[in-house]
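Taking it in order: structure first as structure tokens, then the write-up.
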Amino acid sequence: MAKKHDVCCKKLLKSRFIFIKGGWKMRLKSFILKITLFFAAFVVIFCIPYLAAEESEFRRQFIENYKKDSFYAQSGLVKKNKDTIVSEIDALINEAMMPEKNFQERMYLLDIANSMASMNIHWNNGSEDVLNRVEKLQKQEFEKEKKKTEEIERLKEAEKVPGNFILSTYKDEMAKHGLSPVIYPHWIHRSFFRCKVCHEPIFIMKRGSNNITRTSILEGKHCGACHNGKISFDANAQENCTRCHLFGKPESNPLMDLSYYNHDKFKEIASRIGSEWNPEKLPGGKLPLDKLGFINWVELDKIKAFNPRSALDGTPDTEGVRDTSILFETSVTFLNNVLFSHRIHSTWVRCSLCHPDIFKPELGANKVKMIEMKDGKSCGRCHGRVAFTYSNCLRCHNQPRENIPQGALINRAGSSAPAQ
């Protein structure tokens, strides 16, 4: 009878405990199902070496027994340490809640604390208050992580349009003033100014490198170079704050789904700031989109539907526009080659944005690899961030192998030295 009782207890513990190998505690099941996206993070829970140094001998043995499925050894260990197990749980809680611990580390420690507290109740008739305290912390941590994950997803959605990004470095300070983070729509600004206007005279083209603050804006730097009440609305006027601080609000949706575009409004803005917008040249009266649903800026230029400004003060672009083309041969047999147009790119950006830091100016000196673009290297400095995504393969790989344009410079496949 005793043996049968132990087997039943063992099954109960296996189904109830939230420890490392098993699932989460059944009492938390309904809560946990809502956030199963976090489960993958715990697959490597035993591979966290930095926690080993914190373990007491009791904790080490407790974990080892569970890993080995040593049921009787575990029950003996818990009973033997009846007088100290609560202090062990307290130590785990204190360690878990240290500010430097991340979510995975924190939940690993709270898992152990939960199992200890549960076993202490079962074998030592311990207080449920300790277990309730651990569970409360677990729920709080889950809620915090859930909110973080939801915010990340909202950020991704807001930044889906190439060039859209959220300015949230000082979000706590913004919140104190009742403001949301700023959603910056590159596509609207690009409709009236070419990239070279801002990059890099006004903004360094690397996210997080500009330290944009209200002070810098009011000094006429960063956004303040235009938002001064002359070129565009005045950032210093309090009533204008919510025109930019829109993230998370319904008013931000038109910036993300492109419905902010309006023929008359864009034509009026262009006329006022000295650029051009010709909606009558748009096929069907609509913005030309690529196959992913993003604005095709090259097509807009081609049909002369607009003519954005290339400078703020009217001074000519000293770097000019280059007219050379480079044929990049691809080593992948099922893809066409890439014909790179300097004219298209230098119409939009300054030569110094790419040369020599991103691309060496010698023919054949640059290996362009797709796998590196996702990390922001070579073409990935712009594409996939502020220009059309590199996942739109045929947008670039459109030059038949047998067709070599006259006058094009050739970058041989796999070349790392100047072509002869």
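Side notes on the structure shown:
- Residue that is nearest to residue 315 (Cα to Cα) [pool: residues in the stretch 275-296 that are free of Cβ contacts under 8 Å to residues at least 40 places away in the same chain and exposed (fewer than 12 other Cβ atoms within 10 Å of the Cβ)]: 280
- Residue in the stretch 312-323 that is under 29 Å from the mean Cα position of the chain (by Cα) and within 28 Å of residue 272 (Cβ to Cβ) present: no
- Filter result (exposed (fewer than 15 other Cβ atoms within 10 Å of the Cβ) and closer than 15 Å to residue 198 by Cα) within the stretch 319-368: 319, 352
- Looking across 235, 270, one residue alone is in contact with a Gly (Cβ under 8 Å, 6 or more places away or on another chain), surrounded by 12 or more Cβ atoms within 10 Å (Cβ to Cβ) and in contact (Cβ under 8 Å) with a residue 12 or more places away in the chain. It is 235.
- Once the stretch 270-311 is narrowed to residues that are assigned to a helix (DSSP H, G or I) and under 32 Å from the mean Cα position of the chain (by Cα), the residue that is nearest to residue 159 (Cα to Cα) is 297.
- Tabulated pairs, the stretch 125-141, first assigned by TED's automatic domain parsing to the domain that holds residue 78, second aromatic (Phe, Trp, Tyr) and in a helix (DSSP H, G or I), C-beta under 8 angstrom, 6+ apart or interchain: 139/31; 141/103
Condition check ((1) assigned by TED's automatic domain parsing to the domain that holds residue 200; (2) of a type outside the set (A, V, I, L, M, F, W, C); (3) more than 31 Å from the chain's Cα centre (by Cα)) across all residues:
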site: 330; (1), (2), (3): no, yes, no
site: 342; (1), (2), (3): no, yes, no
site: 349; (1), (2), (3): no, no, no
site: 353; (1), (2), (3): no, no, no
site: 366; (1), (2), (3): no, yes, no
site: 378; (1), (2), (3): no, yes, no
site: 388; (1), (2), (3): no, no, no
site: 401; (1), (2), (3): no, yes, yes
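- Search result, residues across the stretch 191-206 that are touching a helix residue (DSSP H, G or I) at 6+ places or on another chain (Cβ under 7 Å) and in a helix (DSSP H, G or I): 195, 196
- Some residue of the stretch 208-220 being basic (Lys, Arg), surrounded by fewer than 16 Cβ atoms within 10 Å (Cβ to Cβ) and without any contact (Cβ under 8 Å) to a residue 24 or more places away in the chain: no
- Residue within the stretch 267-281 that is over 24 Å from residue 345 (Cβ atoms) and basic (Lys, Arg) present: yes
- Any hit, the stretch 378-391, residues being surrounded by fewer than 16 Cβ atoms within 10 Å (Cβ to Cβ) and not polar (S, T, N, Q): no
- Identity of the residue in the stretch 301-318, surrounded by 14 or more Cβ atoms within 10 Å (Cβ to Cβ) and among the charged types (D, E, K, R), that ends up farthest from residue 270 (Cα to Cα): 317
- Residues of the stretch 108-149 satisfying the condition of being acidic (Asp, Glu) and either surrounded by 21 or more Cβ atoms within 10 Å (Cβ to Cβ) or at pLDDT below 95 (or both): 111, 135
- Test: residue in the stretch 148-166 that is in a helix (DSSP H, G or I), under 30 Å from residue 296 (Cβ atoms) and basic (Lys, Arg): yes
- The set of residues from the stretch 207-259 being under 24 Å from residue 270 (Cβ atoms), of a type in the set (Lys, Arg) and part of a helix (DSSP H, G or I) comprises just one member, 243.
- Single residue of the stretch 124-159 satisfying the filter (within 15 Å of the chain's Cα centre (by Cα) and among the hydrophobic types (A, V, I, L, M, F, W, C)) that is farthest from residue 181 (Cα to Cα): 152
- Here residue 184 meets the list (1) touching a helix residue (DSSP H, G or I) at 6+ places or on another chain (Cβ under 8 Å); (2) surrounded by 15 or more Cβ atoms within 10 Å (Cβ to Cβ) almost entirely, failing just condition (1).
- Test result for residue 179, within 30 Å of residue 271 (Cα to Cα) and in contact with a Cys (Cβ under 9 Å, 6 or more places away or on another chain): no
- Any hit, the stretch 297-312, residues being more than 28 Å from residue 411 (Cα to Cα), polar (S, T, N, Q) and out of contact with any Lys or Arg (no Cβ under 9 Å at 6 or more places or on another chain): yes
- Among the conditions (1) touching a Leu at 6+ places or on another chain (Cβ under 7 Å); (2) closer than 20 Å to residue 294 by Cβ; (3) not basic (Lys, Arg), the only one that residue 376 does not satisfy is (1).
- Here is the figure for the stretch 167-176: residues that are in a helix (DSSP H, G or I) and under 30 Å from residue 294 (Cα atoms) total 1.
- Residue selected from the stretch 150-170 under the condition in contact with a helix residue (DSSP H, G or I) (Cβ under 9 Å, 6 or more places away or on another chain) and of a type in the set (D, E, K, R), by the criterion surrounded by the most Cβ atoms within 10 Å (Cβ to Cβ): 159
The values are calculated or read from the model by the stated rules, or taken from the named source; none is laboratory data. Because the structure is predicted, anything quoted here is derived from the model rather than measured. Glycine gets a Cβ as well: all are built from the backbone with ideal geometry, and neighbour counts include every protein chain shown.
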